[in-house]
Amino acid sequence: MKVLILNGSPRADGNTSVAVAELEKTFAIEGIETETIRIGSMNIRGCIACGSCGEKGRCVFDDAVNEIAAKFEQADGLIVATPVYYASANATLIACLDRLFYSSHFDKSMKVGASVAVARRGGCSATYDELNKYFALSSMPIATSQYWNCVHGRQKGEAEKDLEGLQTMRVLARNMSFLIKSIALGKEKFGMPETEEHVWTHYISE
Ligand SMILES: Cc1cc2nc3c(=O)[nH]c(=O)nc-3n(C[C@H](O)[C@H](O)[C@H](O)COP(=O)(O)O)c2cc1C
């Protein structure tokens, strides 16, 4: 069982990396493999709405997004961790997620999602809500913790002192491990939920 972690920080060894390290340690104890990709300093452009992914199932820009999509397809869970910029996620991360979720057409249902926001002081819960929206329209259950998944710190490494934030990360990793294992058992015992063809109405009435 494997969790893919996207770290949206451009800072190597920044506070988001501190939060991610706590997750990785706890997943290892729980017997869940992790792979972390730090995308905050990558050159990832936004979606241009060309629609070519509608036919190809992959993005027209053949960069890290298509590589991440292949890893996401194999993973049982996805964690998206980001520094907070102006009460929002890092812009490169958002460009990546827009293109990742829009262009990839594999079934994401019952892969477990979780988001983590890291800030000096404010905007964590707005960012947490922003990131959870990608999971919520993909039939992905969202793993939670004892508090909203936030860690605080400004200068590199300050997050080490946010003991409550780090505990929130450990509880999140344990809860997410439990969900992933339980879903695997549930698939064996009950099978996946029945699906329907998606009805698209675009709010246009005849
Ligand atoms: C462009 C920019 C905008 C920021 N906006 C916020 C903000 O809205 N709220 C906040 O508390 N911290 C803000 N910060 C501080 C970072 O969230 C904080 O330093 C965080 O620890 C960075 O994580 P990192 O070390 O993983 O990059 C901002 C930092 C930058 C560079």
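The values are calculated or read from the model by the stated rules, or taken from the named source; none is laboratory data. Because the structure is predicted, anything quoted here is derived from the model rather than measured. Glycine also receives a Cβ, built like all others from the backbone with ideal geometry; neighbour counts cover every protein chain displayed. Heavy atoms of the whole protein, side chains included, go into the accessibility calculation; ligands, DNA and RNA do not. Shrake-Rupley method; radii C 1.70, N 1.55, O 1.52, S 1.80 Å.
Table for the structure above
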{"quantity": "With every protein chain in place, the chain: carbon and sulfur % of accessible area (1.4 Å)", "calculated": "51 percent"}
{"quantity": "Net charge of Cβ neighbours under 15 Å - reference Lys156; Lys, Arg +1; Asp, Glu -1", "calculated": "+1"}
{"quantity": "The chain, relative contact order [Cα under 8 Å, separation at least 6], %", "calculated": "24 percent"}
{"quantity": "Whole-number D in µm² s⁻¹ for the chain, Kirkwood Cα-pair radius fed into Stokes-Einstein, 20 °C, 1.002 mPa s", "calculated": "122 µm²/s"}
{"quantity": "The chain: Cys lacking any partner C-beta under 4.7 angstrom", "calculated": "Cys47, Cys50, Cys53, Cys59, Cys96"}
{"quantity": "Total lysine pairs whose alpha carbons fall under 20 Å of each other in the chain (8 or more apart, or interchain)", "calculated": "23"}
{"quantity": "Protection proxy ranking, peptides 81-93, 143-155, average beta carbon neighbours within 10 Å, highest first", "calculated": "81-93, 143-155"}
{"quantity": "Residue-normalised accessible area of segment 1-78, expressed per residue, 1.4 Å probe, Å²", "calculated": "48 Å²"}
{"quantity": "Separation of alpha-carbon centers, segment 30-72 and segment 119-191, rounded to whole Å", "calculated": "21 Å"}
{"quantity": "Estimated [θ] at 222 nm from DSSP helical runs (n ≥ 4, -39500 (n - 2.57)) normalised by residues in the chain, nearest 500", "calculated": "-13000 deg cm²/dmol"}
